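Working notes for the structure below.
Rule-based calculations on the coordinates, nothing more; no lab input. Source: prediction; values computed, not measured. Cβ: placed from backbone, ideal geometry, glycine included. Neighbour counts: every protein chain shown.
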Amino acid sequence: MRARFRVRFRARQGGRRVDLVLGLLLVAGVLTGLGANTIGVNWPLDLIQLHAAGALAVLLLAPWKYVVIRRGLGNPRQRRPAKALSLALLFLVLVTIGSGLVHSTGRVEDVGPLTLMQIHVGAAVGAVLAVVAHFFGHWVRPRRTDADRRALLRLAVLGAGAAVATTAWDTWAATGRRFTGSVPKPALEVTSWINDGIQRVEAGQWSLRVGETAFDLDRILALPHERFTAILDCTSGWYSSQEWDGVRLSVLLDGAGVEPGRSVEVRAVTGYARWFGAGTLDDVWLVTAVGGRALSPGHGFPARIVAPGRRGFWWVKWVASIQPSSRPPWAQSVFPLS
Ligand SMILES: Nc1nc2c(c(=O)[nH]1)N[C@H]1C(S)=C(S)[C@@H](COP(=O)(O)O)O[C@H]1N2
Ligand SMILES: [Mo]
């Protein structure tokens, strides 16, 4: 009797710790994933490798979690909704990790009508909700004794295992991806943030308002253009390096005799808008050509923004107006809302 009690007790302890570590890995996965998907500049820390390492650590823990799950499902005292929730969580986690790993190989982009990244993010959001619900069912509270020497040693072994697995994955499977997790494309794809359709702007009808001045296309093209290379990195998980011809916003504003306020608002003919800080305008471009040719309608003809080091959603297409604004650049939604 006593021995059996002790065995059960120890198994429960193990399950608790596995759950704790899985919970921490989930939090780390969400933070590194969000970070990699919003931050466009290379940090000393490769967020997507941390993201992958977290996922692989979850897989390394799977055999232990499997024992815990089997015990839970076999337990007649557990209620059916709780069991269903566990299975849903398991499914969502596997879809999240699977879609992420497959995406990183760059070989598959869509599954049916959805992109892999939509599946990845959708399943991850579902998994987070399921974890929250799951935790209401049985809350795992860390205890002092959780961090004993043996536990820390195991954690170190897990970390080393995840590091080795990540290196192996990066070497053999995930080729060419950036620190954002995006995979390379030889050509740009036509894409939009939510549902801005392709605008067919007539060159003759179009003009760009900068402050009080209206520039027609010829006047824009007469401004001092420079040719440069920049990577468009879309949050849907691909990037492409291209040569662009464009004029710096700082030069354009000078030409119009406009002082930026705290920022400038760049607005498309569709209403899609982003605010760029006054201090960044040397490094944000109004571009009229890619690869030596005028932009196509899909890519923003007659003029679009190219903002090196910022994710694709900053690269406003079909620009119609550029206006000084008193809005500080941080006072806009992190992601566009339309
Ligand atoms: N007006 C407008 N500009 C936009 C978008 C949009 O929805 N509307 N989508 C942005 C996003 S999310 C990306 S990744 C790039 C895609 O540019 P491309 O279609 O030339 O590849 O355009 C950006 N510019
Ligand atoms: Mo994008």
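Miscellaneous remarks
- Condition broken by SER240, with the remaining ones in (1) free of Cβ contacts under 8 Å to residues at least 40 places away in the same chain; (2) within 16 Å of ligand 2 (Cβ to nearest atom); (3) of a type outside the set (D, E, K, R) satisfied: (1)
- If the condition is being within 13 Å of ligand 1 (Cβ to nearest atom), in a loop (DSSP other than H, G, I, E, B) and aliphatic (A, V, I, L, M), then the stretch 215-249 contributes no residue at all.
- Test: residue in the stretch 281-298 that is within 14 Å of ligand 2 (Cβ to nearest atom), among the aliphatic types (A, V, I, L, M) and surrounded by 21 or more Cβ atoms within 10 Å (Cβ to Cβ): no
- Of all residues in the stretch 282-324 being touching a Phe, Trp or Tyr at 6+ places or on another chain (Cβ under 6 Å) and either away from ligand 1 (no atom under 11 Å from the Cβ) or among the acidic types (Asp, Glu) (or both), the one that is farthest from GLY255 (Cα to Cα): PRO302
- Candidates ALA151, ALA133, ALA88, ALA123: the one that is touching a residue at least 12 places away in the same chain (Cβ under 8 Å) and buried (at least 17 other Cβ atoms within 10 Å of the Cβ) is ALA123.
Listed here are the residues, each with its yes/no results for (1) within 16 Å of ligand 2 (Cβ to nearest atom); (2) crowded, with 18+ Cβ neighbours inside 10 Å; (3) small (Gly, Ala, Ser); (4) assigned to a loop (DSSP other than H, G, I, E, B).
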{"site": "SER104", "(1), (2), (3), (4)": "no, yes, yes, no"}
{"site": "ALA127", "(1), (2), (3), (4)": "no, yes, yes, no"}
{"site": "ALA156", "(1), (2), (3), (4)": "no, no, yes, no"}
{"site": "ALA168", "(1), (2), (3), (4)": "no, no, yes, no"}
{"site": "THR175", "(1), (2), (3), (4)": "no, no, no, yes"}
{"site": "PHE179", "(1), (2), (3), (4)": "no, no, no, yes"}
{"site": "ALA187", "(1), (2), (3), (4)": "yes, no, yes, yes"}
{"site": "ILE194", "(1), (2), (3), (4)": "yes, no, no, yes"}
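- The criterion of at least 2 residues that are touching a Gly at 6+ places or on another chain (Cβ under 7 Å) and of a type in the set (Val, Ile, Thr) is met by the following strands (runs of 3 or more DSSP E) wholly inside the stretch 250-338: 285-290.
- The residue list PHE313, PHE335, PHE276 contains one member that is touching a helix residue (DSSP H, G or I) at 6+ places or on another chain (Cβ under 8 Å), within 15 Å of ligand 2 (Cβ to nearest atom) and among the aromatic types (Phe, Trp, Tyr), which is PHE335.
- Checked against the criterion of being over 28 Å from THR180 (Cβ atoms) and more than 10 Å from ligand 1 (Cβ to nearest atom), the candidates GLY261, GLY279 yield just one match: GLY261.
- Given (1) within 16 Å of ligand 1 (Cβ to nearest atom); (2) under 17 Å from the mean Cα position of the chain (by Cα); (3) not basic (Lys, Arg), number of the condition ILE198 does not satisfy: (2)
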